[in-house]
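Accompanying notes for the structure given below.
Rule-based calculations on the coordinates, nothing more; no lab input. This one's a predicted model, so the numbers in the text were calculated from it and none came from an experiment. So basically every Cβ, Gly included, is an ideal-geometry build from the backbone, and we count neighbours across all protein chains shown.
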Amino acid sequence: MRAISPKAIAVFIPLLLLFNSCTVKRLVNKLDPVSEEFYSKVRYIMTKEESKIFLELPLSARAEFIEEFWERRDPTPGTKENDYKEAYFTRIEEANRLFRGGGRPGWLQDRGRIYILFGPPNERQTNPMGGRNIDPYEDARDQTSSRQLAAGEKPSEIWIYYNLFSSLQKPQVVRIVFVDTYGTGDYQLISNLNELIPGMMGIETQFAPNLAYMHELSKEEAFRARLNLQKLLFDFSWELLKTKNKEIGSNLLIHIVLPYDKIVFAKENETLRAVIELDAVIKDSADKIIWQFEEEHNLNFREDYLIQNREGFWEMEIPVTKWLKKGNYSVYLSLKNLSGDQEIKKLLPLKI
C-alpha cells in the first residue's frame, strides 16, 4: 500500500480514470439484451460514473445495480411506487406518441429528450412553414446569441417554460429553440442550454444537458434527489498493463486505484479503519480459470490524515504470475470493504 502525494494524483488520476469511447463501445457491444435495453433507456439520466460501473459489471451483478439505480432516484423511499421511474417511462411513451417524424423514435429526438427531462412546455410556438419566428413580447436585447442565430428560414419550434427549476434558483422564463434543418421532421435543438440555464443543475450525465433528474419531480424533491444521486458509489479505477517479468513468469500487471473518498471507514478509538478484500480471476476463451489471486488489506488512518489527504487513494499492483499466450481472456476483479458493507465487481475484456 502506498499513500500518494497530490502531485502524483494529478498525473495518475486522469490516466486511470480514462474511459475512452473505444472501450465504451466494446463493452456496450458485449451487453446482454436486458442490460442493453436498460442502458439505452436511461441514457439521459445515467451519470458517467454510473455508466462506467455498469459496463464493467459481470452479468450476475447487473440486476442489483439496476435496482439500486432506481432506488437512488426514488423521491419517496420506503413506498412501493417510485414516482420518478414511472414518470420517466411515461414521458418516453408520450415522446414517442408526440414526435413521430424524422425517422427515429420520438424519445431519441431532441424534442423528445427535452420533453423527458423538463416535461411539457408551458407554451409551444410552432412555425412549420419556415421563416423567422417573431415574439412580440420578447426584447431583442435579451436574446442569447444561440437564439439570434437559431431560426433562419427553416421550420422551427420554440418551447417556453415559465418557471423552470424554481426550487433551485430564481424562477425565470426559458425559451428553447428547435429547427428542422433538413426538412425531415426531426427538429434539432439549437439553443445552448448552458446559456439559457446558468449553473450546474445536477450531476453530469453522458448526454447534454447536464441534468440528472427531471424538472417537475425535482421541484418538490430537489434536496433529497440531489443527496440520493450523490450517494456514495463504491468504485475503483484499473489498468491492465502488458509488461514482461520473466523472473516470475508474468507478462501482465493489474494496477488498481481506490480513492479514499469512495471508502466507508469504521471508527475504532482514534483511528479510521477499513478491511479491503481483493479477488482477481483470469479466464480463458473457454471460460476456464487459469489464474486466481486473493488478498486482504487493512487500511488504518488517523482522521486528521484523511481530512488532509481527502483526494488521496490506495494503490496496488498485482503481477499475474502466469505467462499469458496470445488470445482473448476475461479478467474478473472484486473489491469488498468488510468494514463498510461495500462491494464492487468488474468484468474486463483482455486481448494478448
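The loop-placed GluC sites (Glu not before Pro) in segment 41-106, going by DSSP, that have at most 14 neighbouring Cβ atoms within 10 Å of their Cβ come out as GLU81. One Cα centroid belongs to segment 78-123, the other to segment 293-336; the line between them spans 41 Å. Of the trypsin sites (Lys or Arg not before Pro) found in segment 31-104, the ones in coil according to DSSP and having at most 13 other Cβ atoms within 10 Å of their Cβ are LYS80, ARG100. Among ILE344, TYR332, MET316, whose Cα projects farthest towards the positive end of the dipole of segment 237-351, with charges put on the beta-carbon of Lys, Arg (+1) and Asp, Glu (-1)? After comparing all options, I get TYR332.
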